[in-house]
Structures are given as structure tokens and as C-alpha cells.
Amino acid sequence: MHTVLITGGAGFIGSHLTRLFVTKYSQYKIVNIDKLTYAGNLENLKDIEHSPNYEFVKGDITDLPFLRSLFEKHQFTAVLHCAAESHVDRSITDPLAFVTTNVVGTGCLLQTAKEFWKDNFDNKIFYHISTDEVYGSLGKEGFFTEETAYDPRSPYSASKAASDHLVRAFYHTYHMPVKISNCSNNYGPFHFPEKLIPLCIHNIINNKPLPIYGKGENIRDWLYVEDHVRAIDVIFHTGKIGETYNIGGHNEWTNIDLVKELCKQMDLKLGRETGASEKLITYVKDRAGHDLRYAIDATKLKNELGWMPSLQFEEGISKTIDWYLNNTEWLNHVTSGNYQNYYEQQYDKR
Ligand code: NAD
Ligand code: TYD
């Protein structure tokens, strides 16, 4: 039995995680707090918003009095911490927003959990959701393991690395019962169309240019988001306290090959002539400090907890494209900014 605080549950990964926990664990109480930044969208959770074991509270993880009152009210036994500023390009233009939410916000959550749990850490879990980007950039060979030294190179990854260090510091100093996972790039439904895959799907639908940074040779290891939240579920329930687990898809693609695969599948689905969408590919100025390659070795998770990705990439990407084609209202609300009215419509009137 748990009373779980999920942070950032209105975002991309957070909404899948919230849905999984609310539907799979009806005996748990799930409270989702989210500041509803541009990346938070309550429309992602429409199907579960009235579930009896679920509650949404708008709030900021850097607001200590708010966190304390929430812990007082709900007596949480677990935290699943997803809230973050998550887009590398935004971290290049506004690094301090990343320091505030990712570092200070994580510190505030840890501090609040410590205050409420310090007399009895039994059956408590502080689960921190992190990224493989903390390990830096690989050359053509090798993989990130849990032992790889941290070498973050963007303000985003540096702020996530700092938050991971804080979580481990609370484990070693105060015996806070923590778990951390570092995952590779996710894709799937409800992904905000500023990230490569949903941005390209949106632009292909609308016959707009597909911006490829540099030569398109950078490599990412892509994992279907539902496989990621399934791994979090396994680690939450069976992973060891104080441990870190890498989560990855063993699915490396150069950006250009990935976008060409998207174009190929979408030409077929949209009934376009073969090669039509590829003509939209446009090479643009490279991202500053662009990491060349990320690739995860998820052997520990497979050997110790039995988790493996369930979907092949071609299948996952096909499901993802179908979801965007069938959810044009969601996509239109996001691209027009209308989704930001959903909170007022659904919650302010109560
Ligand atoms: P996202 O940007 O889609 O969602 C982040 C959510 O956090 C949003 O709902 C936003 O409103 C909320 N938020 C932001 N600042 C907040 C604050 N101060 N207080 C409360 N809520 C706040 O991000 P995502 O892609 O779903 O990523 C979730 C987590 O997973 C992040 O910690 C990220 O570092 C990590 N991660 C992401 C990926 C990926 O590919 N997207 C891969 C590995 C790890
Ligand atoms: P992104 O989805 O932003 O994830 P991350 O930077 O966290 O890996 O980008 C994935 C890759 O795609 C990355 O190498 C940058 C590149 N990219 C483009 O080439 N064009 C784009 O418009 C975007 C958003 C990303």
C-alpha cells in the first residue's frame, strides 16, 4: 500500500507513469503535482482524471511551504520525481530555469521528504527519474553503464547530474531510501512537438521543413515511453534501495536515418508518393555543444530485475505516428497553445 506523490505528471513521461500507476494500482492513492509550464498538459490525463484513487494539484516543486503542506495532508510514503525542465535547446537559451527546477526543486523535494520521513524510513521510497545525458557524449564505440563517470555537457544535463548527486547525497548522509534510473531518449504519444520525433511528425503532416541539426549524424538510443514507465514500475517495486539502474532500448539511430524512416512510414500512411516527405528535410545550424552519441547498457536491469524493452523500433514508431494521426485535436491544441486553457476549464470552476 502506498500514497504516492508523482511530480511532473502532466508532462510526457509523467503522464504515462501516472496512468500506469493509477490504473494498475487501484489500492494506491496517487497525487500528481505539476506547475503546468508550457510542457505540462492536463489533456494528457483526460482518461484518468476522475479516477477515485487520483488527485491533481497545481504547484511548484521549488515552493517549500506548498510541499510541506501537501506532505502534511497526504502523508506520502513514496515520491516518483519526474518534474523537470527537459529540453536541451531551451537550456541553452535559459540555463537558470533548469538550475531552479531541476536542482533547487529536487533539493526542496528531498528536504521535505526527509523532514516527514526522518523518524521512520521503513517502506518509504524516493524515486528520482533521470537521463542518460548525465554521462556525457560517447564516440562511435562503447555504452553508458551505471559505473560510467558523470560528464554532463549541456545546462540541461548538468542540472540533471546535479540533481542525481543531491539524491545520492541524501542517501549517504541521511539514509534516505532512494532509487535512481537514467534512461535514454523516449518517444511515443503525448510527446511535446519541440522534440525531434513529434516535431517531425507534425511538420510532415503539415508539409513543413524538417530541421536537421548539423549533418544529422548524431546518434540517440530510442525507447518507447510505455517501456520506460514499465521499467520504472519494476524498479519501484523490486529494485534495491540506494541503487541506480540504466534503462535503454538497444536501439541506436542517427538523426538523419530516423527522420528518413519517419518520412517513409508517413508517406505510406498519408498515401503520399514515395520520397515526398524526404524532400522536406532541411539541414540547419548545429546545436551548440551537440553531444555526438548516447547509448545505454541496460544489462543490470535485465539481469537483476528481468526488464527488457517490449517493442521493436519500427513497430513503436508506427504506433506513435498512428497516435498523432488519430489525435489531431491534441496536436492542434498543443501547437496553438489552447491546451493551456484546459486547467481553467476543468479545475478553476470547481
Ligand atoms: P516534460 O518536459 O514533458 O514534462 C515535465 C513536466 O514537469 C511538465 O508537466 C511540467 O509542467 C512539469 N514541471 C516543470 N517545472 C516544474 C516545477 N517547477 N514544479 C512542478 N512541475 C514542473 O519532460 P519529460 O520528457 O516527460 O521528462 C520527465 C523526466 O524524465 C525528466 O526528469 C527528464 O529529465 C527525464 N527523462 C526524459 C527523457 C526523454 O526522452 N523525454 C529521457 C530520460 C529521462
Ligand atoms: P531532442 O529530441 O531534442 O532530444 P535530446 O537533445 O535530449 O537528445 O533531439 C534529439 C536529437 O535530434 C538531437 O541529436 C538533436 C536533434 N534535433 C534535430 O536535428 N532537429 C531538431 O529540430 C531537434 C528538436 C532535434
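The values are calculated or read from the model by the stated rules, or taken from the named source; none is laboratory data. Everything quoted here is computed from the prediction, not taken from an experiment. Glycine also receives a Cβ, built like all others from the backbone with ideal geometry; neighbour counts cover every protein chain displayed.
Results, tabulated for the structure shown:
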read-out	value
Residue match in the stretch 265-279 (condition: within 16 Å of ligand 1 (Cβ to nearest atom), in a helix (DSSP H, G or I) and over 18 Å from residue 89 (Cα atoms))	no
Given (1) more than 30 Å from residue 275 (Cβ to Cβ); (2) within 13 Å of ligand 2 (Cβ to nearest atom), index of the condition residue 149 fails	(2)
Residue in the stretch 284-296 that is among the charged types (D, E, K, R), modelled with pLDDT of 95 or more and farther than 19 Å from residue 219 by Cβ present	yes
Subset tally (residues that are over 21 Å from residue 309 (Cα atoms), among the hydroxyl-bearing types (Ser, Thr, Tyr) and surrounded by 21 or more Cβ atoms within 10 Å (Cβ to Cβ)) for the stretch 221-279	1
Filter result (assigned to a helix (DSSP H, G or I) and within 16 Å of ligand 2 (Cβ to nearest atom)) within the stretch 280-320	280, 313, 316, 317, 320
Residue under evaluation residue 37, criteria (1) part of a loop (DSSP other than H, G, I, E, B); (2) surrounded by 21 or more Cβ atoms within 10 Å (Cβ to Cβ), criterion not met	(2)
The stretch 167-200, subset within 15 Å of residue 134 (Cβ to Cβ) and surrounded by 18 or more Cβ atoms within 10 Å (Cβ to Cβ), residue farthest from ligand 2 (Cβ to nearest atom)	167
Helices (runs of 4 or more DSSP H) wholly inside the stretch 147-248 containing at least 2 residues that are free of Cβ contacts under 8 Å to residues at least 24 places away in the same chain and either at positive phi or not β-branched (Val, Ile, Thr) (or both)	155-174
Qualifying residue in the stretch 19-26 (condition: crowded, with 20+ Cβ neighbours inside 10 Å, within 24 Å of residue 330 (Cβ to Cβ) and either within 16 Å of ligand 2 (Cβ to nearest atom) or not basic (Lys, Arg) (or both))	yes
For residue 120: the one exception among (1) assigned to a strand (DSSP E or B); (2) surrounded by fewer than 23 Cβ atoms within 10 Å (Cβ to Cβ); (3) not aromatic (Phe, Trp, Tyr)	(1)
Selection status of residue 304, acidic (Asp, Glu), more than 30 Å from residue 93 (Cα to Cα), more than 16 Å from ligand 1 (Cβ to nearest atom) and exposed (fewer than 15 other Cβ atoms within 10 Å of the Cβ)	no
